[in-house]
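*Asks:* Structure below; questions to follow.
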Amino acid sequence: MSWRSGGRLRWAAVPFALVGLLGAPVGAGAAAGTRAPVEQVADQVVEQTVEPTEEGALVPSYEAGLTPEDQKVRTFLAQNAVLEDIAAYASERIVLPQDIPLRATSCGQANAFWDPAAQDITLCYEYLEVLAPLLAAEQSEGTAQERSEQLDQDLIGETNDTVLHELGHALVNLYDLPVVGKEEDAADQLSALLLASGDERHVGYALSTITAYRALANAAARGEQPLKVYADEHSLDAQRFYNWVCWLYGSDPDKYATAVQSEKNPDGALPPERAMRCPGEFLQMEKSWSPALKPYLKT
Ligand SMILES: [Zn+2]
């Protein structure tokens, strides 16, 4: 089982607005060592046995949107078969203990969540509605057509991350996996491991995820709080941005060397003092997820 692979590089320069946030303790999320309350699995779920021959899968559905904007997101996701693609990728990599409904729906808030009682994953159309203009604001290069295609790609990439993050919660919950540190960070790590070790397309989704967290962090730096509810229990978007860059860099430091800031490479996203810890952080992620998931990993 290897979590390492690679793909084409597409760093965007770190905007100046983020520099002010560098003063925050880098990697505080991982270093804090606090354990967030883990939503406990109901007894009957723990007792379920995993039948290798009766494998589960993510089961996508696109519910009718309650607003024209929601409907537009629904069409975008459905026409691109985004959730089906994520479900296929998850099944390629991990044995799921049961079918897990993956519902795209109108929620009345920009959110995504694993519901331990219903045992399903919900992706709110509003999440992509909030994200789209923020991602568009990050773009400065290319023709209108190219920017439009990149925006679609980034929305699909961050949707992959969001669903895989929620799948991380689902796996912790359903398999009763031990979590070291914050479960939110562990869920981010699973998503990063799955995307960074995928083919070029999935590595591209990892890069889109980095772009998305940068966009969210920039919005926060401007005093906006686009994801008030969603951001609650998670590390700050700026922390998630640096974590993701760090993890991808840490997965292959030679390949992603341009991620590191230096005099010759001022656009690098990672301060050198964080970068030097990243290969170790990635190794730690592999060590914490791999044994726990080992019985359920396919590739
Ligand atoms: Zn979460």
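*Asks:* Quick one: how many Å² of Lys294 are accessible to a 1.4 Å probe, rounded to 10?
*Replies:* 150 Å²
*Asks:* Near the amide H of Leu297, under 5 Å away, which other amide H atoms are found, from residues 5 or more places off or on another chain, if H is placed in the peptide plane?
*Replies:* Sorted by chain and number, the residues that satisfy this are Val95.
*Asks:* Another question, if that's okay. Largest first, how would Leu283, Leu216 line up by accessible area (1.4 Å probe)?
*Replies:* Sorted descending by solvent-accessible area, the residues read Leu283, Leu216.
*Asks:* In 5 Å bins starting at zero, report the fraction of Cα pairs in the stretch 55-294 per bin as a rounded %.
*Replies:* The calculated distribution, bin by bin, is 1, 6, 14, 19, 20, 18, 12, 6, 3, 1, 0.
*Asks:* Over the stretch 55-294, with the other protein chains present, what is the accessible area per residue in square angstrom, probe 1.4 angstrom? Write out the running numbers ahead of the final one.
*Replies:* Details: 9280 Å² over 240 residues.
Dividing the accessible area of the stretch 55-294 by its residue count gives 39 Å².
*Asks:* How much solvent-accessible surface does Ser251 expose, in Å² to the nearest 10, with a 1.4 Å probe and all protein chains in place?
*Replies:* Only protein atoms counted, so the area is about 10 Å².
*Asks:* Give, rounded to the nearest 20 debye, the magnitude of the charge dipole that the stretch 59-178 has about its Cα centre when Lys and Arg contribute +1 at Cβ and Asp and Glu contribute -1 at Cβ.
*Replies:* On the way: 5 positive and 21 negative charges, 41 e Å.
So the dipole magnitude of the stretch 59-178 works out to roughly 200 debye.
*Asks:* Another one. May I ask you to list the aspartates and glutamates whose Cα is less than 17 Å away from that of Lys294, ignoring any residue fewer than eight positions away on the same chain?
*Replies:* Those aspartates and glutamates meeting the cut-off are Glu51, Glu55, Glu92, Asp176, Glu286.
*Asks:* What order, most packed first, do the peptides 273-281, 177-185, 61-69 have when packing is the mean number of other Cβ atoms within 10 Å of each residue?
*Replies:* Numbers: 273-281: 16.6, 177-185: 18.3, 61-69: 13.7.
Listed from highest to lowest mean packing, they are 177-185, 273-281, 61-69.
*Asks:* Then there is this: With a cap of 11 neighbouring Cβ atoms within 10 Å, and only residues DSSP puts in a loop, list the GluC sites (Glu not before Pro) found in the stretch 118-173. Could you put the intermediate results ahead of the total?
*Replies:* Working: sites: Glu126, Glu129, Glu138, Glu141, Glu146, Glu149, Glu158, Glu166; in loops: Glu141.
The qualifying sites are Glu141.
*Asks:* Also: Listed highest first by mean packing, meaning other Cβ atoms within 10 Å per residue, what order do 111-121, 189-199 come in? Could you put the intermediate results ahead of the total?
*Replies:* Values: 111-121: 17.8, 189-199: 24.1.
For the peptides 111-121, 189-199, the packing ranking is 189-199, 111-121.
*Asks:* How large is the Kirkwood hydrodynamic radius of the stretch 131-254, counting all unique pairs of alpha carbons, in Å? Numbers along the way, then the final one.
*Replies:* Values: mean 1/r = 0.0667 Å⁻¹.
When all Cα pairs of the stretch 131-254 are included, the Kirkwood radius is 15.0 Å.
*Asks:* Given the C-alpha centroids of the stretch 134-213 and the stretch 54-103, what is the distance between them in whole angstrom?
*Replies:* 15 Å
*Asks:* Return the ratio Rg/(2.2 N^0.38 Å) for the stretch 96-167, where Rg is computed over Cα atoms only. Show your work: numbers first, answer last.
*Replies:* Numbers: Rg = 14.4 Å, N = 72, 2.2 N^0.38 = 11.2 Å.
In units of the globular-protein estimate, the stretch 96-167 measures up at 1.29.
*Asks:* Can you give the accessible area of Arg103, probe radius 1.4 Å, in Å² rounded to 10?
*Replies:* About 70 Å², rounded to the nearest 10.
*Asks:* I've got another one for you. Please report the carbon-and-sulfur percent of the accessible area for the stretch 55-294; probe 1.4 Å, protein heavy atoms only, DNA, RNA and ligands left out.
*Replies:* Working: 4880 of 9280 Å².
C and S fraction of accessible area: 53 percent.
The values are calculated or read from the model by the stated rules, or taken from the named source; none is laboratory data. Because the structure is predicted, anything quoted here is derived from the model rather than measured. When we count neighbours, we look across all protein chains shown, and the Cβ atoms used for this are built from the backbone with ideal geometry, even at glycine. All accessible areas refer to the heavy atoms of the entire protein, side chains included, with ligands and DNA or RNA removed. Shrake-Rupley method; radii C 1.70, N 1.55, O 1.52, S 1.80 Å.
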